[in-house]
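Following: one structure in structure tokens, then a few remarks.
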Amino acid sequence: MGKRKTFDYPPAQSQRSGCKVGWLCYDSHDDAVKASRVAVEEAKHMANLGYDFGYQVPGSIRKIGDRHEVVIP
């Protein structure tokens, strides 16, 4: 069996999870953009394995108050 691929996200200030995706919250827009790029690459990898993300879009960024929330697979 092959080695499991890992993806390194910048440290988040908070996080939450759902049944198909999770969310990382950042104070810094730059960290959110970095996390978004990682999320897109991880989503491509997972989609190739047959995973679906429901109606969520991994890598999307949403501003909530002073924070930036990134959808992750």
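All of the numbers you see were taken from the coordinates with simple rules; none came from a lab. Just so we're clear, the structure is a prediction, and the values are computed from it rather than from any experiment. Heads up, the Cβs are rebuilt from the backbone with ideal geometry, glycines too, and the neighbour counts pull from every protein chain shown.
Just a few scattered comments:
- Counting other Cβ atoms within 10 Å as a rough exposure proxy, the listed residues Ile64, Ile72 run Ile64, Ile72 from fewest neighbours to most.
- Per-residue HN-Hα couplings for the stretch 9-21 [Karplus 6.51, -1.76, 1.60; θ = phi - 60°; Hz; x = Gly/Pro]: 9, x, x, 9, 6, 7, 8, 8, 9, x, 7, 10, 9
- Taking the convex hull of the alpha carbon positions in the chain and averaging its projected area over all directions gives 5.1 nm².
- Near Cys25, once Lys and Arg are set to +1 and Asp and Glu to -1 for all other residues with Cβ below 15 Å from its Cβ, the sum equals 0.
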